[in-house]
1. Just to be sure I understand the model, the point goes 7 Å from the Cα along the line to the Cβ. What's the resulting PHE256 to THR134 distance in nm?
2. Just the accessible area per residue of the range 200-320, please: how many Å² with a 1.4 Å probe?
3. In nm, what is the difference between 0.36 nm times the number of residues separating ASN530 and GLU100 and their Cα-Cα distance?
4. Run the quick spin-label model on GLU60 and THR42: label points 7 Å from Cα toward the beta carbon, then report their separation in nm to one decimal.
5. Roughly speaking, what is the stretch gain from MET218 to SER346, that is 0.36 nm per residue apart minus the C-alpha to C-alpha distance, in nm to one decimal?
6. What FRET efficiency comes out for ARG84 versus TRP263 if R0 is 60 angstrom and r is the Cβ-Cβ distance? Round to the nearest 0.05.
7. Determine the shape class of the range 22-122: with a ≥ b ≥ c the square roots of the Cα gyration tensor eigenvalues, call it rounded for a/c under 1.5, and otherwise prolate if a/b is greater than b/c, oblate otherwise.
8. Using a simple spin-label model with points 7 Å from Cα along the Cα→Cβ vector, what separation in nm is obtained for SER691 and ASP579?
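The values are calculated or read from the model by the stated rules, or taken from the named source; none is laboratory data. Being a predicted model, the structure only gives us computed values, none of them experimental. Here the Cβ positions follow ideal geometry from the backbone for every residue, glycine too, while neighbour counts run over all protein chains shown. The protein model used for the area step is the full one, side chains on, heavy atoms only, and it has no ligands, DNA or RNA in it. Shrake-Rupley method; radii C 1.70, N 1.55, O 1.52, S 1.80 Å.
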Amino acid sequence: MATAEVLGAVDKAMQGAMKAKPSAATGGAKAVNLEGSALDLTQMRNDNRMELVELLDGLEGKTCLVLDSALGGRLNHVVVEGARLLRDHGVAYFRELKGEDVGDFDDGDEPDYVVYLVRAMPELMADIAKQVKTMIRKGVVAELTDHEKIHDDDDRTRRGGFGGGDEDAQQAFSSSSDASLMMTTTPEDESSSSSSKKKKVRRPKKVQVAMLPRKTLMCQQLLEDHGVLPYVDVSDLHVDFVAFEKDVLSLEMDDFFKEIKVWGDPTCLDFAATAMVKLENTFGRAKTIRTIGPAGRAVAERMSRYRRKSEILKLRKRGCYAPVTQRIFGSKLPPPMPEPDWPEHSDIETLVVIDREVDMVTPLITPLTYEGLIDELFPGGIKNAAVKVPPSVLDGESATPSAEKKQENDDDAAAAEGGAGAGAAEGQQKKKAEKATVSLSLNSNDPLFGEVRDLNVERLGSYLGEKAKQIRGSYDSFRSNKDASINEIHDFVKQIPGLTQKYKSLQTHINLVERVKKTTDGKGFREKWNTERSMLEGELMWDNLEERIGMQEPPMQVLRMLCLQAQTQGGVRGQAKYDFMRREVIQTYGFELLGTLHHLELAGLFYKRRESTTVISSVQNVSAAASSAFSNVMASSGLAADNSTFANLRRQLRLIVDDVDPHQPRDAAYVSSGYAPLSARLVEFTANSNSWAAVGPALANLPGPAMQYDQTAYSLEELDTLMRAHSPRLHFDMENCRPPPTASFLVGGALPPPDTPDDDFLPPPHPSDENKDAKPPSQQQQQQPQQKPQQKPKSPPAPDPGKAGLEP
């Protein structure tokens, strides 16, 4: 009887767990658990957290932390303890950087410091300046006198312009040679430096601006232009790579490509290089470095430059002797080289740096994996390993057609009832819908998401059905055991929390898949996929794009497909076609997109193709006007030859795969049901050989240069010198690239094959036998037309020595 009561209690507990609504934490904690990762990423996370903690600990008293709105989600992966850790280190107020006022504080409880934690972006400096000026008017920040401002300018000048520090010292190194950098110091210099250290430390200003990942000269200049630089201290917060997964590190620099290609600002390349150096300092220096593309080479050059600068700084601290080759006669011997910044054992064998310009087709393709579709279809996409979803997804009331139909009817009734205020009501409903979204974490803390994140959309439904049967089966198997012992019941009760969590996660992902499938099963989505596939195979789809523009499809979707067509064809063929498509976009969506089209052209996404000689190679002596007209006709007719660089890459790297099985994929092309990402192919083909030689023919169709070198084979000074000189020793050259020679030695000698005569044992032919039938040249010429040429019998092919076996 007691056993039956226990079973009844277990049954009620299980049913209650099944009916419980999943919460926003179903997808796991905000920060992923990094245990078991290939690299010890916990160490990197701790280093990033210590950067923030040391900044706060350097300020005595209460602090108001003003956060850039885009940094909130990123800090969740750095400070995994949440706001509690920040409060323990003096943060009393939390504010968001918006508006002209930082907000009011409690009477008599004003913070001692206001710390702005922002990205190094120029557009944010104006917001900071407005809030600082507001605090000055309110008296929160004391206004400086003219004498104090002049004194602050002089102090900043003595410290090397804006802020001084190691960064300014390194900038000074870049403008002078190694010999001049490493001049020997004198005792007077040492005494002056020691006396300067004894000076009173300057008290930090009330307003602190910490920029991620580094402060920039432009941002500090903007603060000075707004007149607030004397009131603030600008510093760096070295938070570089953020671990979003056990195998994913990200710099979270959304405008990286735009800054390089459109703005021409290489600052982000410096950020990337310093982040890579920090990565090597943590996990060891990579033996082999392979780069491709201009940005890849720039990052490698900056890495070697920063290594060399760090070495010079260490030598200066240890005596600042000149290099051995440039040492002055009679000077002291240089000290031994300092210890390297990186550990002796390296966990990274090869570092591959790929420029985004190398593969601009892949981001334009619609993905068909579960995680890719969530990022594609939900507003805002996946940011900081989380996605904004309606509460109905977590409540289990989401995607049923009846519920959605009921919501549509309610909206129609409200609109009809509102009359003239329908527009305002609709706007309020949209705002409420945006505010009603909840954040769902998507990482491997949720075991089910870790299993389904990379599945093709065609495999999702059946896989989740199998998981539901497994969870139900474990419960039914326990219920069917009528004679279960107390120990068995106790063991099952321990499994109830795990089963409950699995069921909640399963219910959430089923709701998400229903919303995703509702879109992917639609006619519009399938037509879009077919159009993209036709473009990838080399077809011209301008007519289809004109129809989409005429139907006023979403402008970003149309621009994306225009860029894909231009990328797969090496640009738009013909000036007339290029101008026509731009005119159609502007006339349909407005002149506001004129700047966008210009930026797309600068970025190399939607541009006019240069006149190719291969299109008219059979036409000789054709004028430029005739050539352009011929190209326009070919482009408009859809008969132009598919001779673009992407067409060559499609064949050389096997980017299109027809026989893809989405249920049991064996090729990377399953992610889009037929197209393999180009960048993934480069890494895949070069993984075994660890060389660009595996994709040698394709390198001619990719933006270069391609670099490949063993950085452990050079000293830091040699590598920096070769990088600055753009030495071909570091560049990969397919013509000069030969496999390393292999020496073979057979112990005992190579015996001839059986039944094969040995020429060494045959008697040499007699000279009289060779000239026995010889005739004078005149007679040979006379008899040649009358005689048929004698055909010698073909001798059998000589046996292959490599296939011949050795006789015992």
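1. With each label point 7 Å from Cα toward Cβ, the separation is 3.4 nm.
2. Dividing the accessible area of the range 200-320 by its residue count gives 38 Å².
3. 149.9 nm
4. Roughly 3.5 nm, to one decimal.
5. 42.4 nm
6. Once the sixth-power term is evaluated, E becomes 0.90.
7. It comes out prolate by the Cα gyration axes.
8. It is 5.1 nm.
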